[in-house]
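Everything on this sheet refers to the single structure shown next.
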Amino acid sequence: MNPIVLQLANGNSFFVGLGMIVAALFLRLWFGGRFWGLVLRISYITGIVFVIFSATPMSIWLYGLWFGLCAVAALAVFSNKCSFQRKTLASFSVFFCSLVMCLIELPYHFSPTIKVSPNQTVFVVGDSISAGISAKERDWPDVLADISHFKVINLAKPAASVETAMDQSADIVGSNSLVLVEIGGNDLLGYSDSRTFSIQLDRLLAKLTARNNQVVVF
């Protein structure tokens, strides 16, 4: 995958963007002149773009507060009309708000430990991302089976939705298995509303966990 796309997809650009914004503000307090002003303005705007395109889910009011502070700080720090004290105050306001956002988001970037015994079977329930689109490329369940040496059974089907994934769950035999669920993309691209999606997902997960299976949802 393209490294830039990967950084946007995995959410790292959120932290990078916040860091660029804070750094640009504090560097501007000590470095004047047109050249540094242009460089730091570009860094500041780029940081905001990174945060927005990271699509990190966070409260609207917190995003609104942060964006408002960024706008005020930009007007204060990148102009010659405000005093050094006001510029510093504006910079610290953005810093503390950005720090709060980082602390809220950071725990979601630590992956939980999934305990699996060697005799457990791993089932994959999903759509074309798991089933594979092209026969020329190996799908990720096959790669997972090779690197983990577990028995991985791929039940995913192209164009599957949360509702049709119920048919896949019927093929999970036995109990105490690990079930990896990668589903929902086609619901998002289709016409499912959030309430219907929530109800159908709850039904699917209830069925998957009925036999003491450990379920991991992407």
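At a glance:
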| read-out | value |
| --- | --- |
| Unique residue being surrounded by fewer than 16 Cβ atoms within 10 Å (Cβ to Cβ) and either out of contact with any strand residue (DSSP E or B) (no Cβ under 8 Å at 6 or more places or on another chain) or within 30 Å of residue 21 (Cα to Cα) (or both) when the list is 194, 161 | 194 |
| Top-ranked residue of region 167-181 - restricted to ones that are assigned to a loop (DSSP other than H, G, I, E, B) and under 17 Å from residue 120 (Cα atoms), ranked as modelled with the lowest pLDDT | 174 |
| Residue tally, condition surrounded by 12 or more Cβ atoms within 10 Å (Cβ to Cβ), within 15 Å of residue 92 (Cβ to Cβ) and not basic (Lys, Arg), over region 25-42 | 4 |
| Wholly enclosed helices (runs of 4 or more DSSP H) of region 26-126 bearing at least 2 residues under 30 Å from residue 178 (Cβ atoms) | 84-105 |
| Hits in region 143-166 (condition: β-branched (Val, Ile, Thr) and not in a loop (DSSP other than H, G, I, E, B)) | 143, 147, 152, 153 |
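The values are calculated or read from the model by the stated rules, or taken from the named source; none is laboratory data. Since this is a predicted model, take the numbers as computed values, not measurements. In this analysis, Cβ positions are derived from the backbone assuming ideal geometry, glycine residues included, and neighbour counts consider all displayed protein chains.
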